[in-house]
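To start, the structure itself, in structure tokens.
The values are calculated or read from the model by the stated rules, or taken from the named source; none is laboratory data. This one's a predicted model, so the numbers in the text were calculated from it and none came from an experiment. Note: ideal-geometry Cβ built from the backbone for every residue, glycine included; neighbour counts use all protein chains shown. These area figures cover heavy atoms from the full protein model, side chains too; ligands, DNA and RNA do not enter into them. Shrake-Rupley method; radii C 1.70, N 1.55, O 1.52, S 1.80 Å.
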Amino acid sequence: MTVLSKVTATVLVGLLAGGCAKFTADGGMSPVTDNVRREIGKDTVKLSSAEATQRARERVQALLSEPLSEDTAVQIALLNNRGLQAAYNDLGISEAEYVQATLPPNPALTVSRVFGPSGFAEVGFQLVGNLLAFATLPRKSEIAKREFEEARYRAVATTLSLSVDARRAYVRAVAARQQLALLEQARQTADASANMMKQLGETGAANKLDQARVTTFYAELSAQVAQARLAEKREREALNRIMGLWGSDLDYKLPSRLPVLPAAPDNLADVEVEAMRRRVDLIILRYEIVTLAKSVGFVEATRYMSFLELGLGYRNELETNDEGKQSSKNRYGLELGIVVPVFDTGEARVTTAREIYMRAINRLTERSVNARSEARLAYSTYRATYDIARYYQTRILPLRRQISSEVLLRYNGMLVDVFEVLVEERDRISANVAALNALRDFHLAIADLQAALIVGGTVPPSGVINTTPPPETLPLGL
């Protein structure tokens, strides 16, 4: 077999084995929607057309027409958050890069026209193709396919992370609203007490010290109400941003109270195993390691041969015979161009590829250790916040109500003065706020536990190296 036949055979094998990938009908979203539905039971969609955007809009408006629940807030965020749609656009870009990687490189066609001294024009054609690109097409296609699959998991991670953020924002917004209502109710009571004390002072039944104490108590509560109103506005706007709402959509209704504590907390047998199995960031890093291993093999295989071109040419030339007569003749030729690795032997590229691969190994090991710790801590926090919230509701608040009743009875019997009543009222309000904060922390711990088990932290940027050899050119001609 001649050299030309071997080269041709290599090119044909590369073309046949590589194949060209096709764009999916949904931009690669099917695995994303399936994973999201399996993990959190919610729908997500890529708004790639006016019809899809309109359907999502109609569904969001239907969800907003009812009082907002935590699950509803999550669903609205998945349908309406444009940052999430940008992540799905990144997935579409990854698919386009995968399809592009499976396409054989286009050959280059050059046309030349040379004029001789007698005015005769010589015409030449040359077709040049990069044989190395053809031969390595299957390997590059396989690597690009795995990068596309990794991008799908990145889209899943972004979606799940947004769902957790939406849950946290919802809990904070409802808790802020409930705290505002609690303080406003206390201020109304203090306002009534201040007015009564003022009337008693006018009749001489109350001294100036008691009047000042009641007035100060009312003023302090007014300041706390103002702070709570600002906090409620801030938390609601944070929820608006995550759900992607503006304009008339902002008129949705939030519940007045957080959900009550469950009868008992969930018992998870082994949160570490659960995290190792479900966490999307670990799945992405495992995909990346396999892809990098293939990339290292590719770089090593093309270490010395980073450029190989084949030129097929035709030229019409003018020739003069011994008798001085000129004639035109057609000439055909074949040339093979290759870069001689004299200075650059590819050692730097191979070392880079190996270091990137080992970096991914170490990154996965570190993330796995951290994931186990995060899962343990999240579950411990979940159980501890449940116990704290339960203790407030079953012990502290009942005791506070009992003390308040006793102090009020003693005040009516003129056994204690206004100062003790105000101190008890401050303590009662503080206990109610602390109980509400404990309930809020428990619901936030539920979202944090979900994040520790299925999402994880921020996924590091892809470490997959560019497997395309450095661009080099050789002059090819007949």
Exercise for the section: Looking at (1) of a type outside the set (Lys, Arg); (2) farther than 22 Å from Tyr382 by Cα; (3) open to solvent by 50 Å² or more (accessible area, probe 1.4 Å), find the lone condition where Leu245 falls short. Expected result: (3)
Practice task
Please indicate, with yes or no, whether at least one residue in segment 420-437 is open to solvent by 30 Å² or more (accessible area, probe 1.4 Å), free of Cβ contacts under 8 Å to residues at least 12 places away in the same chain and more than 17 Å from Ala384 (Cβ to Cβ).
Solution key: yes
Exercise for the section: Would you please name the residue that is most open to solvent (accessible area, probe 1.4 Å), looking only at residues in segment 143-198 that are under 19 Å from the mean Cα position of the chain (by Cα) and among the β-branched types (Val, Ile, Thr)? Expected result: Thr158
Handout entry: Restricting segment 262-286 to residues that are within 17 Å of the chain's Cα centre (by Cα) and open to solvent by 20 Å² or more (accessible area, probe 1.4 Å), the residue that is nearest to Glu39 (Cα to Cα)
Key = Arg278
Fill in the blank from the handout: Within segment 430-467, the residues that are at pLDDT 95 or above and either within 30 Å of Thr351 (Cβ to Cβ) or among the basic types (Lys, Arg) (or both) are Arg440
Problem - For Glu472: the one exception among (1) part of a helix (DSSP H, G or I); (2) open to solvent by 30 Å² or more (accessible area, probe 1.4 Å); (3) among the charged types (D, E, K, R); (4) at pLDDT below 90 - result: (1)
Handout entry: Residue identified as in contact (Cβ under 8 Å) with a residue 24 or more places away in the chain and among the charged types (D, E, K, R) among Arg277, Arg257
Key = Arg257
